[in-house]
Amino acid sequence: MLITVTRSGGFAGGLEKLSALDTTGRADAADLEELAQRAVTPVPDGYRYRITVDDEVLDLQDPCLSDAQRTLIRTVLGVGA
C-alpha cells in the first residue's frame, strides 16, 4: 500500500511537505495499513463541508472543525454544524 501525506500552511504560510511511504516489506505493514484505512474512513453519518473564500478552498469533515469553522458554517448555512 502506498500512503502519501501532504502538509501545507503553518506559521510561514507557504511551507509544504510531501512524503510517501510504501508498506511493502515493512514489519509494521499490517499496523500501518489498518491505521491508514481508519484514517481515511469517513465518520458514519458525518457531514462534509467545502468552504470557499475567494480563491481559497478548504474541505472539512465533521467532527474535525475548529470553533471558527463551526461558527462560519453555522452562520452561512443557517443551521447547526
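Overall, the chain carries a charge dipole of about 160 debye about its Cα centre when +1 sits on the Cβ of Lys and Arg and -1 on the Cβ of Asp and Glu, all other atoms neutral.
Helix content alone sets the calculated 222 nm mean residue ellipticity of the chain: runs of n ≥ 4 DSSP H residues at -39500 (n - 2.57) each, divided across all residues, give -8500 deg cm²/dmol.
Diagonalising the gyration tensor over the Cα atoms of the chain and scaling each eigenvalue by 5 before taking the square root yields semi-axes of 31, 19, 9 Å, largest first.
Fully extending the segment from PHE11 to LEU77 would add 20.8 nm, taking 0.36 nm per residue of separation and subtracting the current Cα-Cα distance. The residues of the chain expose on average 83 square angstrom of accessible surface per residue, using a 1.4 Å probe on protein heavy atoms. The portion of the accessible surface of the chain made up by carbon and sulfur, rounded to a whole percent, is 55 (1.4 Å probe; DNA, RNA and ligands excluded).
Could you calculate the contour length gain from ALA39 to MET1, that is, 0.36 nm times the residue separation minus the distance between their Cα atoms, to one decimal place in nm?
On the way: separation 38, 0.36 × 38 = 13.68 nm, distance 1.40 nm.
Extending this stretch completely gives an extra 12.3 nm.
The values are calculated or read from the model by the stated rules, or taken from the named source; none is laboratory data. All figures in this text were calculated on a predicted structure; none of them were measured in a lab. Glycine also receives a Cβ, built like all others from the backbone with ideal geometry; neighbour counts cover every protein chain displayed. In case anyone asks, the SASA skips ligands and DNA or RNA and just uses the protein heavy atoms, side chains included. Shrake-Rupley method; radii C 1.70, N 1.55, O 1.52, S 1.80 Å.
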